[in-house]
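What follows is a short report on a single structure.
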Amino acid sequence: MLGPLKKTCLKVRFLGGSSWERKTVEHYVKKYYHDVPMRMRFEFLDDGDSITSDIRIRFGQKNRSRVGRNAQKYPDLHTMELNLHPSSHLSRDEQQDRRRRSILHMFGHALGIQFEYNHPGNSETASSQSDDFWSTLSDMTNDVDQRSIMHCQAGECNTSEGDATGPLNTRPSDGDKKLLAAMYPKSEPRKPTKSTDKDIEAITEAGNQVV
C-alpha cells in the first residue's frame, strides 16, 4: 500500500449488493467527488480483483462508515454500510435525494471528515480528524458550513433510524470541496528542464560515437 503522502487512489470493494446498488454508489461518488480539485480518487474493484481494498461496502439497514485511515484497523471486515432504500412514504425525488446524501455523506467520512452538527445548544465547529486523514496533516478545522454534505440535523446522525428534523444537504458544498482540496492537495507539476546548447551538442556527439 502506498504511504499516506503518496496515496492518490482509494480502492473500493463491494461485499454483496445488487448491480443497481453498486452502480448507484459508483455513479454518485465519481460524479461528485471526482469533481473536487483534490488528488484523491476512487477506484471500484470487480469481484475477481485480488487487489487490497481500502473501503469495503456492505448494504444493510443503516448508513455508517469508519473514518479515514481508521478503516485500516479492520482489513477483513466491512468499513462502510449503506442503506439505499429510504422510507417508502417519501416521494420518488425525496428518496433519490436521501440516497445520494447517504452515499456522499458516508464517503465524506471515508475521506476523514467528521460530522458537522446544527442543533440547539451545540456550537461545535466542523473538524477533520488529522489522525484519520489519508495524508499527514496537522489539525485542521473550518467554520461550520450549513451547506456541507457532512452537516447533520438534530436526530439524524446520532440515531439508528437517521430521522432528520430539517432539510438535508445532498451534494458536497463549496466548503467541502475547499476542505478536501486542502486535505489532499494535488502535487505541483514538474517544470521541464531547459536544455542548453551544450547539452544538445553533448547528446549529438554521444549519438555519433561508434561502438
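The values are calculated or read from the model by the stated rules, or taken from the named source; none is laboratory data. Just so you know, these numbers come straight off a predicted model, no measurement behind them. In this analysis, Cβ positions are derived from the backbone assuming ideal geometry, glycine residues included, and neighbour counts consider all displayed protein chains.
Looking only at residues of segment 3-21 that are among the basic types (Lys, Arg) and surrounded by fewer than 18 Cβ atoms within 10 Å (Cβ to Cβ), we find that the one that is modelled with the lowest pLDDT is Lys6. Among residues of segment 46-61 being farther than 26 Å from Gln96 by Cβ and under 16 Å from the mean Cα position of the chain (by Cα), the one that is surrounded by the fewest Cβ atoms within 10 Å (Cβ to Cβ) is Ser53.
The combined condition, being of a type outside the set (Phe, Trp, Tyr), surrounded by 15 or more Cβ atoms within 10 Å (Cβ to Cβ), modelled with pLDDT of 90 or more and assigned to a loop (DSSP other than H, G, I, E, B), is fulfilled by Pro172. Among the conditions (1) of a type in the set (S, T, N, Q); (2) farther than 16 Å from Ile113 by Cα; (3) in contact with an Asp or Glu (Cβ under 8 Å, 6 or more places away or on another chain), the only one that Asn70 does not satisfy is (2). Summed over segment 31-53, residues that are part of a loop (DSSP other than H, G, I, E, B) and closer than 19 Å to His105 by Cβ total 5.
Of everything in segment 57-72 that's among the aliphatic types (A, V, I, L, M) and not in a helix (DSSP H, G or I), which residue is nearest to Leu45 (Cα to Cα)? Among those that are among the aliphatic types (A, V, I, L, M) and not in a helix (DSSP H, G or I), it is Ile57. When restricted to residues that are polar (S, T, N, Q) and within 17 Å of Cys9 (Cβ to Cβ), segment 56-81 contains 2. Figure legend. Inter-residue proximity from segment 144-160: first residues within 21 Å of Lys177 (Cβ to Cβ), second residues of a type in the set (Lys, Arg) and at pLDDT 75 or above, beta-carbon distance below 9 Å, spacing 6+ or different chains. Indicated pairs: Arg147/Arg171; Ile149/Arg101; Ile149/Arg171.
Can you pull out every residue in segment 33-80 that is in contact with a strand residue (DSSP E or B) (Cβ under 9 Å, 6 or more places away or on another chain) and either on the phi > 0 side of the Ramachandran plot or among the β-branched types (Val, Ile, Thr) (or both)? Selection gives Ile51, Thr52, Ile55, Ile57, Val67, Gly68, Thr79.
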